[in-house]
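Student: The structure's right below; bear with me while I get my questions together.
The values are calculated or read from the model by the stated rules, or taken from the named source; none is laboratory data. All figures in this text were calculated on a predicted structure; none of them were measured in a lab. Virtual Cβ from ideal backbone geometry, glycine too; neighbours counted across all protein chains shown.
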Amino acid sequence: MKKYLLFLALTIFFGGCATYYNPVTGKQETTIYTEKDEIDMGIALDRKICSEFKIVENPEKIFNGFTTICSRIAANNDRNNLPYKFKVIEKEEVNAFSIPGGFVYVYTGLLKQIGSHDELACVIGHEIAHICNRDAVHRLEKQILYSIPAGILFGSGRQKAIQQAVDAVFTISMLKYSRTQEIQADTQGLRYAFKAGYNPEGMISFFKKMQELEKKQPSLKLTFLSDHPDTQQRIKNAQEVISALKNTQ
């Protein structure tokens with residue numbers, strides 16, 4: 001019986017899949033979510049996040065230039081057609097994250113550690129890179145798939161079902177990525193920041209600052225670095241990427 005149910009689920013899954021062109025890899029991908037579905041998922045996730053966290057009404061009061069930096073990176077990436085939204089969460093953790101459909105969130109704890117527009121541009125670039133790669137979509141689609149009855153998933157009640165599933169299963173911890181994905185996001189994020197007119201060296205200065213914080217304030221929650229590749233490895237990768245970018249000028 002279990003084998004039959006698994007076969008049935010897989011048959012429904014692949015029967016409902018769409019083909020998506022990934023502009024980052026230049027390849028076609030099989031996915032349960034089209035780009036429109038991805039945006040709908042992002043809207044549903046955003047509602048949940050905004051209900052659970054305190055959102056800063058005016059980010060400019062926290063970091064002058066926040067809106068301009070975000071807008072420039074949003075216009076200079078591999079998926080600049082998405083309706084990007086950038087929000088600041090009032091929380092002391094040093095963290096930032098993104099979700100499908102173009103939503104990026106930065107904690108006030110991280111903004112307090114940012115020393116320049118270039119540093120913030122690289123952090124935002126990193127988060128947008130996850131969106132461009134659909135990293136969160138790939139992690140979430142299995143969770144959402146098993147949380148929605150197949151008849152609803154591919155029917156007219158899809159959007160409502162996605163919201164219900166998101167409310168039931170989504171947690172920030174679900175957005176943890178592999179080391180390979182993080183290095184790739186660093187690499188692309190540097191390119192996006194550079195294309196937008198910012199100095200990619202900001203990524204290196206930011207990482208070095210994080211290294212110092214880890215030593216001086218071990219109790220400070222540096223969530224942005226937790227479960228990520230070794231910081232020194234990320235600095236080395238950033239240096240190589242920056243060198244290559246400078247050679248293109």
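Student: Name the helices (runs of 4 or more DSSP H) wholly inside the range 154-249 in which the number of residues that are modelled with pLDDT of 90 or more, of a type outside the set (D, E, K, R) and under 26 Å from ARG79 (Cβ atoms) is 1 or more.
Tutor: Of the helices (runs of 4 or more DSSP H) lying wholly inside the range 154-249, those with at least 1 residues that are modelled with pLDDT of 90 or more, of a type outside the set (D, E, K, R) and under 26 Å from ARG79 (Cβ atoms) span 179-195, 201-216, 231-247.
Student: Consider the range 104-127. How many of its residues are within 20 Å of CYS50 (Cβ to Cβ) and either touching a Leu at 6+ places or on another chain (Cβ under 7 Å) or among the aliphatic types (A, V, I, L, M) (or both)?
Tutor: Here is the first cut: in the range 104-127, the residues within 20 Å of CYS50 (Cβ to Cβ) are 104-111, 124, 127.
Filter once more, keeping what is either touching a Leu at 6+ places or on another chain (Cβ under 7 Å) or among the aliphatic types (A, V, I, L, M) (or both): 104, 106, 110-111, 124.
Final tally of qualifying residues: 5.
Student: Consider only pairs whose beta carbons are under 7 Å apart and that are at least six residues apart or on different chains; among these, list those whose first residue lies in the range 54-82 and is modelled with pLDDT of 95 or more and whose second residue is assigned to a loop (DSSP other than H, G, I, E, B) and of a type in the set (S, T, N, Q).
Tutor: Going by the 7 Å Cβ cut-off, the qualifying pairs are ALA74/ASN80.
Student: What number of residues in the range 16-49 are in contact (Cβ under 8 Å) with a residue 12 or more places away in the chain, outside any loop (DSSP other than H, G, I, E, B) and exposed (fewer than 14 other Cβ atoms within 10 Å of the Cβ)?
Tutor: Residues meeting the conditions: 4.
Student: Every residue in the range 50-81 that is in a loop (DSSP other than H, G, I, E, B) and touching a Cys at 6+ places or on another chain (Cβ under 9 Å), please.
Tutor: Within the range 50-81, ASN77, ASP78, ARG79 meet the criteria.
Student: Where in the range 85-142 are there strands (runs of 3 or more DSSP E), lying wholly inside it, with at least 2 residues that are under 17 Å from ARG72 (Cα atoms), at pLDDT 95 or above and not β-branched (Val, Ile, Thr)?
Tutor: Output list reads 85-89, 103-107.
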